[in-house]
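Taking it in order: structure first as structure tokens, then the write-up.
The values are calculated or read from the model by the stated rules, or taken from the named source; none is laboratory data. None of these values were measured; they are calculated from a predicted model. Glycine also receives a Cβ, built like all others from the backbone with ideal geometry; neighbour counts cover every protein chain displayed. These area figures cover heavy atoms from the full protein model, side chains too; ligands, DNA and RNA do not enter into them. Shrake-Rupley method; radii C 1.70, N 1.55, O 1.52, S 1.80 Å.
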Amino acid sequence: MSSINCALRMALLLLGGMLASILFAGDAALAQEPTPAPAAVYLPIIHGSPPSQVLIAAAYIDSSISYEPDEAVLLWNVGHGAQALAGWSLTAGAKRATFPITSTLTLEPGARLWCTANTDQFRRSFGTEAGCAWATADQGALMLQGELTLANTGGVLTLTDAEQAPVDVLVYANTTQQPVGWQSAPALLYTRGLATSSGQVWQRKLDPQADLPVDTDTAQDWAGDLTDASWGRRVRQPGWGGWVRHDGLRPPTGVDTGVWSVAIGPEGLYAPLSELLNSATQTIDLGLYTLEHPVLAQLLADVVKRGVQVRLLLDGAPPGGISDLQRWCVSQLATAGADVRYLALADDAPNGYKRRYRFTHAKYGVVDGQRIFVGTENLTLDAMPLPSDQPVGGRRGFYLFTDAPGVVTALRTLFAADWRPTVFADMHAFDPSDPKYGAPPADFTLPEAPVYVVAESPFAEVVRTEGSAAYTLISAPENVLRPDAGILALLAAAGPGDEIALMQMYEDKFWGEGSSNPIADPNPRLEAVIAAARRGARARLLLDGYFDDPDELRSNQATVEYVRAIAAAEGLDFEARIGNPTEGGIHAKLVLVRLGAQWWSAVGSLNGGETSHKLNREVVLAVEQRVIYERLYSVFAHDWRIAD
């Protein structure tokens, strides 16, 4: 056995030597020859569906309507795969609503699904359809098994899959619960200023690039986030657009060819506006705050009598109420056959129903579906005095006119979204016998036209130009606060060599509560101008002195002193003044931004307060057109010279 082992050892040694020689020779050869290309590697193909990701994107928890029949939850599939919802559940406290196991309802990638208590009432509140319900369903909506009750004061809302595993969770308001899938204090609504929790929708922030809900399992995902001055501190109410791009999430923007005109008030507004309205042959759609101009009212009534269809939406609760003068003006239109509606509760509105906007404060119109106007002024004789041989004073303001197709389409779309009397319960039709929304008293007589004595009114001429121009149609509350679009984006782009000029009825020093301050509750627009000045831009702010109460904490005087103090302390090229150039007050809402060779003008109804940005219906047209800019800047420069 030992001799065999010895021989075996010798054979192995010899074999090892031979192998070593072969390997050494191979190495030498490799050193002299190029390395061959590596062999291709083929991996197995794995078949499978892309993952879904369904989130609780919004929740209407504290409805303003009695018994809260329009409570609702929005599910949004932000993943790349479809998700069947059979067996899935929504849970709140001890209550659960489950998608039937036999359901074929599937949420496609990017799709959204509202589930509500009562689909009919949800439709009246939100203006859209719910796909499922836990109390009453109609028009093909899926009936869930079980009912939810969403606690107004706080709690946990959970979405679970068919195996009852948590998929998403919302922890909100006053609760100490800390469920799996949540990693912070509860989410909160924004309730400062005039924003209230009742009637407000909980909503996630949307990613500014993807336009999809963000999800980090924290309160910072939700739009009420006080720590986020750019994308937080937001409010949403039922009936608003702004969920996706096509309904106002981003302001309509483009480059279009047309005739662009600018008119200056008070001296130059009546003529172009009356000419446009009188030229209508088919339709006029008007979204106005008030109508107290008897001559324009009679003109519109005559247009209606010619067969033109006129629709007029007015605010139903302006401060001080609806004047007898407006009742008279509206009566002329309605008697002629115009369809006049107030943003006010209809007679059959459910108890507690809220109108969609704090105020419908816009001033715009669409004529024959082809021409539009957007302005800063209400239709009054203060803002639009009749032509005269003598200089005329009144409200300083501005109007833009255009037939650019993109702008016209955007404004038509906006009006169509607001004018839905068969859906929403906040469009009260004019009724001559109605004590609030009807005709004036039988003994009413038209008042004398106001007179404001001025030495000159040099801006009566309308300035027109034709050609291509970039534009943005900005609307509140949907998109006006986006830092990456509209006015805030223009201000953010300003730097050395650029110039900013604002003429405003008011620009609040701070937002939030009346006793707050710019640190706790900054005004984003004012702070954006200050930031631009810090980057080297030249900034000028002209505010009204006619309506201002200098003793108020948020007066224009307080804003001017705030700006002057910062500019002096930091050496900024930023000046602020108060003026009343036309004796009837600065009622304008004008923003001019020159960015290098770009000449932007923004004209519309948007004041510098929080309610205007977050709760009102406001409309602003921004256009990049040098002729328009230079005309508006010439007015600004004139008024600036005579301001304090």
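Summary table below
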| item | result |
| --- | --- |
| Whichever residue in the stretch 535-551 is of a type outside the set (A, V, I, L, M) and either in a strand (DSSP E or B) or without any contact (Cβ under 8 Å) to a residue 24 or more places away in the chain (or both) and, among such residues, is least open to solvent (accessible area, probe 1.4 Å) | D544 |
| Qualifying residue in the stretch 449-456 (condition: within 29 Å of the chain's Cα centre (by Cα), open to solvent by 30 Å² or more (accessible area, probe 1.4 Å) and of a type in the set (D, E, K, R)) | no |
| For L590: the one exception among (1) over 25 Å from G241 (Cβ atoms); (2) open to solvent by 10 Å² or more (accessible area, probe 1.4 Å); (3) not hydroxyl-bearing (S, T, Y) | (2) |
| Test: residue in the stretch 359-377 that is assigned to a loop (DSSP other than H, G, I, E, B), on the phi < 0 side of the Ramachandran plot and surrounded by fewer than 18 Cβ atoms within 10 Å (Cβ to Cβ) | yes |
| Long-range neighbours under 7 Å by Cβ, at least six apart or interchain, first residue closer than 11 Å to G393 by Cα within the stretch 438-467, second among the polar types (S, T, N, Q) | Y452/T582; V454/T582 |
| Pairs with Cβ under 9 Å, 6+ apart, first in the stretch 560-578 and without any contact (Cβ under 8 Å) to a residue 60 or more places away in the chain and open to solvent by less than 70 Å² (accessible area, probe 1.4 Å), second assigned to a helix (DSSP H, G or I) and among the hydroxyl-bearing types (S, T, Y) | A576/T559; A576/Y562 |
| Residue list for the stretch 182-204, restricted to those being of a type in the set (S, T, Y) and surrounded by 18 or more Cβ atoms within 10 Å (Cβ to Cβ) | Y190 |
| Unmet criterion (only one of (1) part of a loop (DSSP other than H, G, I, E, B); (2) open to solvent by 30 Å² or more (accessible area, probe 1.4 Å)) for R123 | (1) |
| Among the candidates D225, D247, D207, D221, residue that is more than 21 Å from V619 (Cβ to Cβ) and open to solvent by 40 Å² or more (accessible area, probe 1.4 Å) | D207 |
| Some residue of the stretch 290-312 being within 26 Å of I586 (Cβ to Cβ) and of a type in the set (D, E) | yes |
| Number of the exception - I474 against (1) within 31 Å of the chain's Cα centre (by Cα); (2) outside any strand (DSSP E or B) | (2) |
| Condition check for W511: among the hydrophobic types (A, V, I, L, M, F, W, C) and open to solvent by 20 Å² or more (accessible area, probe 1.4 Å) | no |
| Close pairs from the stretch 512-524: first touching a residue at least 24 places away in the same chain (Cβ under 8 Å), partner surrounded by fewer than 20 Cβ atoms within 10 Å (Cβ to Cβ) and not in a loop (DSSP other than H, G, I, E, B), Cβ under 6 Å, at least 6 apart | none |
| Every residue from the stretch 459-471 that is open to solvent by less than 80 Å² (accessible area, probe 1.4 Å) and more than 20 Å from T380 (Cα to Cα) | V463, T465, G467, S468, A469, A470, Y471 |
| Tally, over the stretch 421-437, of residues that are farther than 19 Å from Y289 by Cβ and either exposed (fewer than 14 other Cβ atoms within 10 Å of the Cβ) or out of contact with any strand residue (DSSP E or B) (no Cβ under 9 Å at 6 or more places or on another chain) (or both) | 7 |
| Residue pairs meeting the criteria (Cβ under 7 Å; at least 6 apart or on separate chains; first open to solvent by 20 Å² or more (accessible area, probe 1.4 Å), in the stretch 301-328; second modelled with pLDDT of 95 or more and part of a helix (DSSP H, G or I)) | K305/A336; W328/P294 |
| Any hit, the stretch 482-496, residues being farther than 25 Å from R626 by Cα, open to solvent by 40 Å² or more (accessible area, probe 1.4 Å) and not in a helix (DSSP H, G or I) | no |
| Extreme residue, surrounded by the fewest Cβ atoms within 10 Å (Cβ to Cβ), among residues of the stretch 142-181 that are touching a Cys at 6+ places or on another chain (Cβ under 8 Å) and either free of Cβ contacts under 8 Å to residues at least 12 places away in the same chain or part of a strand (DSSP E or B) (or both) | M143 |
| Residue among A416, A449, A442 that is small (G, A, S), under 21 Å from V310 (Cα atoms) and out of contact with any Gly (no Cβ under 9 Å at 6 or more places or on another chain) | A416 |
| Residue identified as at pLDDT 95 or above, under 27 Å from the mean Cα position of the chain (by Cα) and farther than 20 Å from F415 by Cβ among G352, G394, G316 | G352 |
| Candidate set: the stretch 182-239, residues that are touching a Phe, Trp or Tyr at 6+ places or on another chain (Cβ under 6 Å) and among the aliphatic types (A, V, I, L, M); chosen: the one farthest from D70 (Cα to Cα) | A187 |
